[in-house]
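This report concerns only the one structure given below.
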Amino acid sequence: MLICKQKIFSVSLAALMLVTSCNNTKQSDKFPNKEEKPINIILMIGDGMGVSQISTMFYFNPEDSEFKRFEHIGFIKTSSASNKVTDSAAAGTALATGHKTYNRGIGVTPDSVSLTSIMKLLQNKGYQTGLISLSSITDATPASFYANVTDRNMQEEIARQLVESNIDFFAGGGLKFFNQRFDGLNLTSLLKQKGYLLDSLVLPASIKSEEKFAGLMANDGLLPKHEGRGQFLKEATELALNRLSGSQNGFFLMIEGSYIDWAGHAKNSEFLIAEMLDFEETLKVAIDYVDNNKNTLLIVTGDHETGGVSIEKTNNSDSVVVTFKTDQHTADLIPVFAKGFGEEQFRGFYENTDVFNKISILTGINKNIGR
Ligand SMILES: [Zn+2]
């Protein structure tokens, strides 16, 4: 296992203090053997969520941070094949496929060969699958799990590939890429033909276990939290877990908190804290699920940091304030939190591609078929 490389990267003392010791602890007894039951995977990605974004929840969340419930923490290096500072496309591709690619590439190698994502590989094993995003479901992070395109801007082609991907549950924005297309196709009709329950206004209260769900809740992305988005991320997660947990063959669910990144680009602390609080509410749902379903592994990470965020003292008192050094992404190492089956494997320092490798090993996929 590639989990004991503490000295390969230079990181701040504060970051080091967050890392639990790296060892090869045997699989904990409290979780079942993977041979007994398929291991469900819940992967939560905070887009643009680094250590400082998480730290805001230790100062600006009136409740105890949900992140305190993790005991197994590691760090990933997020650089892409083309740039030390990645974008969400290359970072999403690394997490989803185990391969580094160039910035803007989705599900392809640097020489544009299509890759198979962890979600597809698990689908081939009989898993049911789900994707949730606050931005368009065709945006870089969710797209990395089902699409193969040479540029993240190819959103209409990404939407076409989503319709072909046979995902059991998806919810996010991006309706216009399905029904207002330059090629005139109406992909929402095609989704209905394929048996999807389609909704673009409100999430249904429940979905039958044999039903597929397509939630396209906005033309582009959904609203930012502080502009009135409501509880979409939490409610979609509850709905997806309810629907997917009926699967006898396991499930894979990816949930993206997309706008933590937007808050960094906007250098807006109110925006950032609102998105982090929203992410925490959803995180509570996921952690509670893992606590009650021991054959499940929850992994929480970010694709990169955005904003060069830090928490600084103010001039006149002991209070602290969120500041931004840039409106761009940075090359900060990003924490990985794991809870549930195989949680120990996510300790230490490793590349973002190893998240794919670790999930592959824990779920019994031969990682060599990822390419
Ligand atoms: Zn960004």
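The values are calculated or read from the model by the stated rules, or taken from the named source; none is laboratory data. The model shown is predicted, which means the values in this text are computed figures rather than measured ones. Don't worry about glycine lacking a Cβ; one is built from the backbone with ideal geometry, like all the others, and counts go over all protein chains shown. Ligands, DNA and RNA are stripped out before the accessible areas are found, and what is left, the full protein with its side chains, is counted by its heavy atoms. Shrake-Rupley method; radii C 1.70, N 1.55, O 1.52, S 1.80 Å.
Each residue in segment 33-61 was checked for being assigned to a loop (DSSP other than H, G, I, E, B), farther than 22 Å from N268 by Cβ and either within 16 Å of the ligand (Cβ to nearest atom) or in contact (Cβ under 8 Å) with a residue 12 or more places away in the chain (or both), and 5 pass. Just so you know, in segment 62-96 the residues that are away from the ligand (no atom under 15 Å from the Cβ), of a type in the set (A, V, I, L, M, F, W, C) and more than 30 Å from S245 (Cβ to Cβ) include one that is least open to solvent (accessible area, probe 1.4 Å), and it is F75.
Filter segment 150-199 down to the residues that are among the polar types (S, T, N, Q) and closer than 11 Å to D139 by Cα and list them by number. The answer is N153, Q155.
Figure legend. Inter-residue proximity from segment 286-310: first residues more than 16 Å from the ligand (Cβ to nearest atom), second residues assigned to a strand (DSSP E or B) and charged (D, E, K, R), beta-carbon distance below 6 Å, spacing 6+ or different chains. Indicated pairs: V290/K339; L298/K339. Of the residues contained in segment 224-243, one or more are found to be within 16 Å of the ligand (Cβ to nearest atom) and of a type outside the set (S, T, Y). Elements of the type helices (runs of 4 or more DSSP H) sitting completely within segment 62-174 and holding at least 3 residues that are under 17 Å from the mean Cα position of the chain (by Cα) and modelled with pLDDT of 95 or more: these cover 88-97, 118-124, 140-143.
Return yes when V300 is more than 30 Å from K37 (Cβ to Cβ) and aliphatic (A, V, I, L, M) and no when it is not. Considered against the rule, which asks whether it is more than 30 Å from K37 (Cβ to Cβ) and aliphatic (A, V, I, L, M), V300 comes out as no.
For segment 311-335, the tally of residues that are under 20 Å from T101 (Cβ atoms) and away from the ligand (no atom under 16 Å from the Cβ) stands at 1.
Working only within segment 97-122, note down all residues that are within 24 Å of P38 (Cα to Cα) and either surrounded by fewer than 21 Cβ atoms within 10 Å (Cβ to Cβ) or within 16 Å of the ligand (Cβ to nearest atom) (or both). Outline the logic, then answer.
Pass one, segment 97-122, residues within 24 Å of P38 (Cα to Cα): 97-98, 115-122.
Listed by number, the list holds a single entry, T116.
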